[in-house]
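Here is the structure we will look at, set down as structure tokens.
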Amino acid sequence: MKKLPVGMEFFSDIIKNGYYYVDKTYIIKELLDSGSKVTLFIRPRRFGKSLNIDMLKSFFEYGTDISLFEGLNISKEKKLCEEYQGKFPVVSVSLKGVDSILYEDALGMLGFIISEEARHFKQVLLCSNKLDKDDKEDFNCIVTNKFKSMADLCFSLKTLARLLYQHYGSKVIFLIDEYDVPLDKAYTNGYYNKMITVIRSLLGNVFKTNEYLQFAIVTGCLRISKESIFTGLNNLDVKAVTDVQYSQYFGFTDAETREMLEYYGMTGLYNEVKKWYDGYLFGKINVYCPWDVVNYVRDHLFDKDIPAKMYWVNTSGNDIIRMLLKRADFTMKDEIEQLVNGNSINKRLKMELSYPDLDMPKAGMPDINRDNLWSMLFNTGYLTAVTPSCNAKDYELVIPNKEIHDIFTTQISEWIETAVIQGNTGKLMQFCKAASNGDVKNLEDIFNSYLKDTISINDTNVAKSMKENFYHGILLGLLRANEGWIVKSNRESGTGYADIMVWIYREKTGCLFEVKYAEEGRFGTACKKALEQIKNKEYITTLEQDGMDIIYCYGVACYKKKCKIELIKYIYHQT
């Protein structure tokens, strides 16, 4: 049985070492048939962009191992393979390593990445009798990362193309992966304007009026507007997730996913995999996130009982979700709530963006253009379209699958703790005081007021435990705001695990909270069930043993944006 290529981005390693490979090689024919000089593929991260880039390099570059493609789809195109396979110098550069909080360090990383790629040609070019002394000096500046000026750095790739053309007599294929990562990091760390100038110049020199260019493939997560980075580039062919052409080459199709599951004897997991990792609409076909599918199948080989879980979330900080939630006004909160609860929203999207667009004011919105945030969420894979747009602007958007849904709910809980809870210290202290005094009415009133400002989870497809965890998270954040208290979540006590336990040693007071989701608004039933669980499982044991004189046991029932709280009070050791 073939091994699974988790995290592998080198095509030759996958093929030579017998890993499972989902054949995407026919993209080669479509690229050549299109005749486009520069093709820009916009796809979310972890959808196979880097692996496809390396596969293209393995096919076209001089000295390639032709046997790598035996039996793959492209090998059926005999004439094409004879004409193009192994016939070009290829420059392949990934910019995802340009990641620094400082502009100067980012420039150093960029230069190092280019010099590392140039090293692949060091032996050939420095020994070439087709390059003169000045040519070799130019190459030596690139390969040693010792550029005499910023201009030398910005012209480095074009210079490399010229030198390769002089030696081989063949035009150069350029493969640029993750072109927008340096801009993302620059925007986050405050040097965007400087970095956009460098990247614009670097890529512009390669793609515009470059007589040494055969063709170029560029990938990224975001389509940066032509005005900000591709100015004057008339030969750019952009292929985004909304385009039908090439839609099957990034991500796994349904048939490819079924075939993988069948190969590993996991056809019974199809529905679970589909629920968690399918749902993206690329062009007119549904696509699975390949990173998720491969990781889940790999994990299931070692543990057949392992549940589906989030894999994609662990490859990013999900800063875009935090940005969205932090800046959400009432309307936006309502729209997020609709999405979380399984509904769709209609939005006009802007497919070409620059990062500063996220901060551009719009009429009636004093601090941010929120429409651009929706566009960002769509392009980066947090949202997908239900059907293709009829006018390429207006889209019906949904959360694609359970994994992304869980990302949204997790980030919502964090946002509530930082934005809502910490935004009103006086109100927060009133809440804590009510909890420590057994003041059920005030505790309930204040908690209800917080819930009104949150985004509730009512989706019928969401497990009851997920809904309870959501309210549990809000309550936990409120209680932890009091730095003088010890607050524990899911702490073992008695014969079970209490939702939330609080030790207020100064007052010798303890609090227990058990949270229940009140199905169809049956608050009384849910409160009763919570208090019975506290009693039957003897949750008070730990607080009692720790010398608490008073223990307040709260049964908390939540439904949508409302709650009801009931109390049982225990008194010990008092004279």
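Couple of notes before you dig in:
- Just one of the numbered conditions (1) under 28 Å from V313 (Cα atoms); (2) out of contact with any helix residue (DSSP H, G or I) (no Cβ under 7 Å at 6 or more places or on another chain); (3) at pLDDT 80 or above is not true of N401: (2).
- Residue within the range 259-275 that is at positive phi and either exposed (fewer than 15 other Cβ atoms within 10 Å of the Cβ) or in contact (Cβ under 8 Å) with a residue 24 or more places away in the chain (or both) present: yes
- Complete set of residues in the range 232-254 that are open to solvent by 70 Å² or more (accessible area, probe 1.4 Å) and free of Cβ contacts under 8 Å to residues at least 40 places away in the same chain: N234
- The residues of the range 138-151 that are farther than 13 Å from L126 by Cβ and open to solvent by 60 Å² or more (accessible area, probe 1.4 Å), listed by number, are K146, K148, M150.
Here is a yes/no grid of residues against (1) out of contact with any Gly (no Cβ under 9 Å at 6 or more places or on another chain); (2) buried (at least 19 other Cβ atoms within 10 Å of the Cβ):
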| position | (1), (2) |
| --- | --- |
| G63 | no, no |
| K87 | yes, no |
| S92 | yes, yes |
| A106 | yes, yes |
| L125 | yes, yes |
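- Scope the range 160-183; condition open to solvent by 30 Å² or more (accessible area, probe 1.4 Å) and either of a type in the set (F, W, Y) or in contact (Cβ under 8 Å) with a residue 12 or more places away in the chain (or both); matching residues: R162, Y165, Q166, H167, Y168, K171
- Tally, over the range 84-122, of residues that are outside any loop (DSSP other than H, G, I, E, B) and within 20 Å of F174 (Cα to Cα): 19
- Here is the figure for the range 10-20: residues that are open to solvent by less than 60 Å² (accessible area, probe 1.4 Å), touching a residue at least 24 places away in the same chain (Cβ under 8 Å) and either polar (S, T, N, Q) or part of a loop (DSSP other than H, G, I, E, B) (or both) total 2.
- Selection count where residues are touching a strand residue (DSSP E or B) at 6+ places or on another chain (Cβ under 7 Å) and open to solvent by less than 40 Å² (accessible area, probe 1.4 Å), scope the range 21-42: 8
The values are calculated or read from the model by the stated rules, or taken from the named source; none is laboratory data. Keep in mind that this is a model prediction, so the values were computed, not measured. Here the Cβ is made from the backbone with ideal geometry for all residues, glycine too, and neighbour counts use every protein chain on show. Surface areas here come from the heavy atoms of the whole protein model, side chains and all, with no ligands, DNA or RNA. Shrake-Rupley method; radii C 1.70, N 1.55, O 1.52, S 1.80 Å.
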